[in-house]
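We did not get these values from a lab; they are worked out from the coordinates using the rules stated. Only a predicted model underlies this, so the values are computations on that prediction, with no experimental measurement involved. Neighbour counts are summed over all protein chains in view; Cβ atoms, including those assigned to glycine, are modelled from backbone coordinates with ideal geometry.
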């Protein structure tokens, strides 16, 4: 499947938000969009704001357009607020859960580790980054994994784990306590703008 493998800094500058911690210092230096016409003034329209919010959300979670549309369609069918349902579905992806547990430094790294089969969910090997975890699922690192050093190094950088997760960094395992509420999701997006965009 196609995947963006270019510099994250360029995407961060495009969206005006640091997609990873490393991008922040570059944003401080050049806080305008990349490209020849990056410094010119852009006429802000309602559609532009909605589109940029959708693109920002997609890039935070590393999801392609078609996949994102499917997430939105699924969220709109669920009971409750569509925007919150969408963010909940994105947060419950296995690669994001691995990142939130602190077993990877970035979502990109989490995606690669999952893809290479270094994690198990309830004892079963799962190598699909978009796998939807559920409440009470237990995520563990494969025994004798050759990526254990990388995972331990990433876990040392983590100060706090998301409140809807429980992590044991010594044993390298974690548990999903429940689906996250909107207040527990710290991704800086305005989901209502995405709903307005897709509702047209």
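Some observations on this one:
- Mean ellipticity per residue at 222 nm, deg cm²/dmol - from DSSP H runs of n ≥ 4 across the chain, formula -39500 (n - 2.57): -12500 deg cm²/dmol
- With N as its number of residues, the chain has a Cα radius of gyration that, divided by 2.2 N^0.38 Å, comes to 1.07.
- Using the Cβ-Cβ distance between residue 44 and residue 115 with R0 set to 22 Å, the FRET efficiency from 1/(1 + (r/R0)^6) comes to roughly 0.05.
- Theoretical gain in end-to-end length, residue 55 to residue 5 [0.36 nm per residue, Cα-Cα removed]: 16.4 nm
- Square roots of 5 times each gyration tensor eigenvalue, C-alpha, the range 93-178, largest first, Å: 16, 15, 12
- Distance in nm between pseudo-label sites at residue 168 and residue 122 (7 Å out along the Cβ direction from Cα): 1.9 nm
- With the simple spin-label model, which puts each label point 7 Å out from Cα in the Cβ direction, the residue 106 to residue 132 separation comes to 2.8 nm.
- Cα convex hull volume per residue for the range 135-200 (Å³): 138 Å³
- Modelled spin labels at residue 177 and residue 159, positioned 7 Å past Cα toward Cβ, are 1.9 nm from each other.
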